[in-house]
Amino acid sequence: FILVRSDDDGRTWSKPINITSQVKLPKWNLLLQGPGAGICVRDGTLVFPAQYWDESAQRLPHSTLIHSRDHGQSWQCGTGARPDTTEAQVIELTDGSLMLNMRDNRGRRGNGFRAVATTTDLGQTWRAHPTSGKALPEPVCMASLIRVRPASAAHPAGILAFSNPARGKAPRQEMTIKLSFDDGQTWPTANQLLLDALPGAGYSCLTVIDDDTLGIVYEGSQAHLVFQRIPLAALGVRD
């Protein structure tokens, strides 16, 4: 489990730093990050999604997270949020808790959905979110979840953005961006945008370009990698 760091906004990078012994238990036969993006929460803690495979539990994967309270000098790993989950994304909710949004292998039986859990202690304990297995259809794939805007008078819970192939069974198609204005409780159809209706590999990663624009790179039907700039106005945001 390797990281690198930059102290000059990415102009130069450190040599690889191996943190495997800090975050991996000996009984795990695999530990890896994301994919996707990590976050820095309000108190400065760095948090990245991760997953481990536990040899003692029939090699079932578990989504989790790793965190650092000292600017990346040392790291700790959480517990599994839900068995048989893998690639995940993490965000900080308005109340300061963390939400882990997970690829769930149960979807291979058809009618798949994202699994969602929350933690108030950096992944030592987890609670299933009310939308888990219900709100975000997916044919077992990686997805992206970011905070677009913080809480404000116009949007008391801020704005979240989510992207994935938005159908519950294979093939991976209907690459879609969705917005939530209530910390992921709902994803209104009026605030969704279909980017690519045809099948593709389906991975995606969102970023904020500026106050009014999202960026997304994804595996599409017409190219291995597609990058698009998406005005928030195209997703129904008018302020």
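The values are calculated or read from the model by the stated rules, or taken from the named source; none is laboratory data. For clarity, every value in this text was computed on a predicted model and none was experimentally measured. Because the Cβ atoms are built from the backbone with ideal geometry, glycine has one as well, and the counts that use them run over all protein chains shown. Keep in mind that these areas ignore ligands, DNA and RNA; they rest on the heavy atoms of the full protein, side chains included. Shrake-Rupley method; radii C 1.70, N 1.55, O 1.52, S 1.80 Å.
Odds and ends about this structure:
- Here region 183-196 is the region considered, the condition is being open to solvent by less than 50 Å² (accessible area, probe 1.4 Å) and under 17 Å from the mean Cα position of the chain (by Cα), and the residue that is nearest to Gln222 (Cα to Cα) is Trp187.
- Residue within region 3-22 that is open to solvent by less than 60 Å² (accessible area, probe 1.4 Å), within 29 Å of Cys141 (Cβ to Cβ) and among the charged types (D, E, K, R) present: no
- Note on region 202-213: among residues that are touching a residue at least 24 places away in the same chain (Cβ under 8 Å) and of a type in the set (Ser, Thr, Tyr), the one that is least open to solvent (accessible area, probe 1.4 Å) is Ser204.
- Residue in region 11-56 that is farthest from Glu87 (Cα to Cα), counting only those that are charged (D, E, K, R) and modelled with pLDDT of 90 or more: Arg11
- Of the strands (runs of 3 or more DSSP E) lying entirely inside region 1-84, those carrying at least 3 residues that are within 27 Å of Pro150 (Cβ to Cβ) are 46-54, 60-68.
- When Pro171, Pro199 are checked against the criterion of being in contact with a Pro (Cβ under 9 Å, 6 or more places away or on another chain) and surrounded by 16 or more Cβ atoms within 10 Å (Cβ to Cβ), Pro199 stands alone in meeting it.
- Restricting region 91-132 to residues that are among the charged types (D, E, K, R) and modelled with pLDDT of 95 or more, the residue that is most open to solvent (accessible area, probe 1.4 Å): Arg127
- Criterion (out of contact with any strand residue (DSSP E or B) (no Cβ under 8 Å at 6 or more places or on another chain) and not aliphatic (A, V, I, L, M)) met by exactly one of Thr45, Thr119, Thr94: Thr94
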